[in-house]
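*Asks:* Below you'll find the structure I mean.
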Amino acid sequence: QVQLVESGGGLVQPGGSLRLSCVASGRFFRLDDMAWYRQAPGKQRELVASITLRDSTNYADSVKGRFTISRDNAKNTVYLQMNSMKPEDAAVYYCNCNALVNPFRGPSAYWGQGTQVTVSS
């Protein structure tokens, strides 16, 4: 199994920055795509950014130019650098990955517990 632990959430003022981290641990052969999702109260969970094993990235239109996703494969970690934050960025942010646990079954999806991000003055 794979455990994902997020950190770095908190309170930030509009225009400020935060950096989220997510560390994967457990027994797995490989971490494939990794991503950050977020869910605000009363809204559906949405994809914020994703990154492939070869560092190809994808962003939601609402965060393009402000957020940057990156990964450190040696540390089994994915990051989300959030700059120029807006009140509408406030949400619980979830780490997601596709991990190859059983090479005979293909990759499976795993989720972290989430970290709260609040944007307020």
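*Asks:* How much of the accessible area of the chain, probe 1.4 Å, is carbon plus sulfur, in whole percent?
*Replies:* Values: 3090 of 6720 Å².
The nonpolar share, carbon plus sulfur, comes to 46 percent.
*Asks:* Next question. Counting pairwise Cα distances across the chain, what percent come out greater than 23 angstrom? Working shown, then result.
*Replies:* On the way: 1911 of 7260 pairs.
The calculated P(r) of the chain puts 26 percent of pairs beyond 23 Å.
*Asks:* Moving on to the next point. Leaving ligands and nucleic acids out of the surface, order Phe104, Phe28 by accessible area at 1.4 Å, largest first. Write down the numbers at each step before the final one.
*Replies:* Values: Phe104 190, Phe28 50 Å².
Descending accessible area places them as Phe104, Phe28.
*Asks:* So, one more: How much accessible area per residue does the chain have, counting only protein heavy atoms and a probe of 1.4 Å, in square angstrom? Intermediate values should be presented prior to the final figure.
*Replies:* Details: 6720 Å² over 121 residues.
Ligands and nucleic acids excluded, the result is 56 Å² per residue.
*Asks:* Aspartates and glutamates near Lys86 by alpha-carbon distance under 20 Å, same-chain residues fewer than 8 away left out - which ones?
*Replies:* Cα-Cα hits under 20 Å: Glu46, Asp61.
*Asks:* I've got another one for you. Could you work out which residue, out of Ala74, Ala91, Ala109, moves most in a Gaussian network model of the chain, that is, has the largest mean-square fluctuation with Cα springs under 10 Å?
*Replies:* Top of the fluctuation ranking is Ala74.
The values are calculated or read from the model by the stated rules, or taken from the named source; none is laboratory data. As the structure is a computational prediction, the values presented were derived from the model and not from experiment. Each accessible area value is taken on the protein alone, full model and side chains, heavy atoms only, with ligands, DNA and RNA left out. Shrake-Rupley method; radii C 1.70, N 1.55, O 1.52, S 1.80 Å.
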